[in-house]
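A quick write-up on the structure given underneath.
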Amino acid sequence: MIPEVIKQWDENKHKLEEYFRTTRQEEYSGSYKSILQKIIELVVTEKDEYDSYDATNITVVDDGDYQGTQLFLIPTDSYQPSIEDYLITHTYYGSCSGCDTLQSISFGDDDLPTEEQVKEYMTLALHLVQKMKKIAHDNRY
């Protein structure tokens, strides 16, 4: 875990929780990337005092079919990010509500989530944050 990211989570997670509470599930229940974008937009907004992460430019690597792993590459919002400017996180997914966390939470419902669903979305989001790592540290200096 990255201390700066966890600090931002503690300070801003209420914004994400409010988003889930007031936004229909159809906006985010079909995509881990959509939830990650909201995490970056609302919670983990800064890389450091000079740069922020770019929620609009997340790359997804998914070599699975009906199940597998999705890797998410998150750059900083800068002209030419260097390797140390990226975060990476991941999740495992399945093909049904019995083997996929996101499908299990939404139950195929597009309406506003229940309080229990909000808690489950927040847990899913926390796990994505806890798995975040920097790809590399800058060793050039």
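The values are calculated or read from the model by the stated rules, or taken from the named source; none is laboratory data. No experiment lies behind these values; they were computed from the predicted model shown. Every residue, glycine among them, receives a Cβ derived from its backbone with ideal geometry; neighbour counts consider all protein chains shown. When the accessible area is computed, the model is the full protein with side chains, heavy atoms only, and any ligands, DNA or RNA have been set aside. Shrake-Rupley method; radii C 1.70, N 1.55, O 1.52, S 1.80 Å.
Numbers below:
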| read-out | value |
| --- | --- |
| Options SER106, SER97: the member that is surrounded by 15 or more Cβ atoms within 10 Å (Cβ to Cβ), of a type in the set (Ser, Thr, Tyr) and out of contact with any strand residue (DSSP E or B) (no Cβ under 9 Å at 6 or more places or on another chain) | SER106 |
| Yes/no for GLN67 being more than 25 Å from ASN12 (Cα to Cα), of a type outside the set (Phe, Trp, Tyr) and loosely packed, with under 12 Cβ neighbours inside 10 Å | no |
| Qualifying positions in the range 1-26 - in a loop (DSSP other than H, G, I, E, B) and either open to solvent by less than 90 Å² (accessible area, probe 1.4 Å) or among the aliphatic types (A, V, I, L, M) (or both) | MET1, ILE2, THR23 |
| Residue that is nearest to SER52 (Cα to Cα), among those in the range 76-105 that are touching a residue at least 40 places away in the same chain (Cβ under 8 Å) and part of a strand (DSSP E or B) | LEU87 |
| Enumeration of residues in the range 49-90 that are among the acidic types (Asp, Glu) and closer than 22 Å to SER31 by Cβ | ASP54, ASP62, ASP63, ASP65, ASP77 |
| In the range 110-129, the residues that are open to solvent by 50 Å² or more (accessible area, probe 1.4 Å) and either touching an Asp or Glu at 6+ places or on another chain (Cβ under 6 Å) or over 23 Å from THR69 (Cβ atoms) (or both) | ASP110, ASP111, LEU112, THR114, GLU115, GLU116, LYS119 |
| Tally, over the range 70-91, of residues that are modelled with pLDDT under 90, in contact with a strand residue (DSSP E or B) (Cβ under 8 Å, 6 or more places away or on another chain) and open to solvent by 40 Å² or more (accessible area, probe 1.4 Å) | 1 |
| Those residues of the range 35-60 which are farther than 18 Å from SER78 by Cα and surrounded by fewer than 14 Cβ atoms within 10 Å (Cβ to Cβ), in sequence order | VAL60 |
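Results for (1) part of a strand (DSSP E or B); (2) of a type in the set (Phe, Trp, Tyr); (3) under 26 Å from SER97 (Cα atoms); (4) within 11 Å of the chain's Cα centre (by Cα), shown as yes or no for each residue.
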{"position": "ILE35", "(1), (2), (3), (4)": "no, no, yes, yes"}
{"position": "ILE39", "(1), (2), (3), (4)": "no, no, yes, yes"}
{"position": "TYR50", "(1), (2), (3), (4)": "no, yes, no, no"}
{"position": "THR56", "(1), (2), (3), (4)": "no, no, no, no"}
{"position": "VAL61", "(1), (2), (3), (4)": "yes, no, yes, no"}
{"position": "TYR66", "(1), (2), (3), (4)": "no, yes, yes, no"}
{"position": "LEU71", "(1), (2), (3), (4)": "yes, no, yes, yes"}
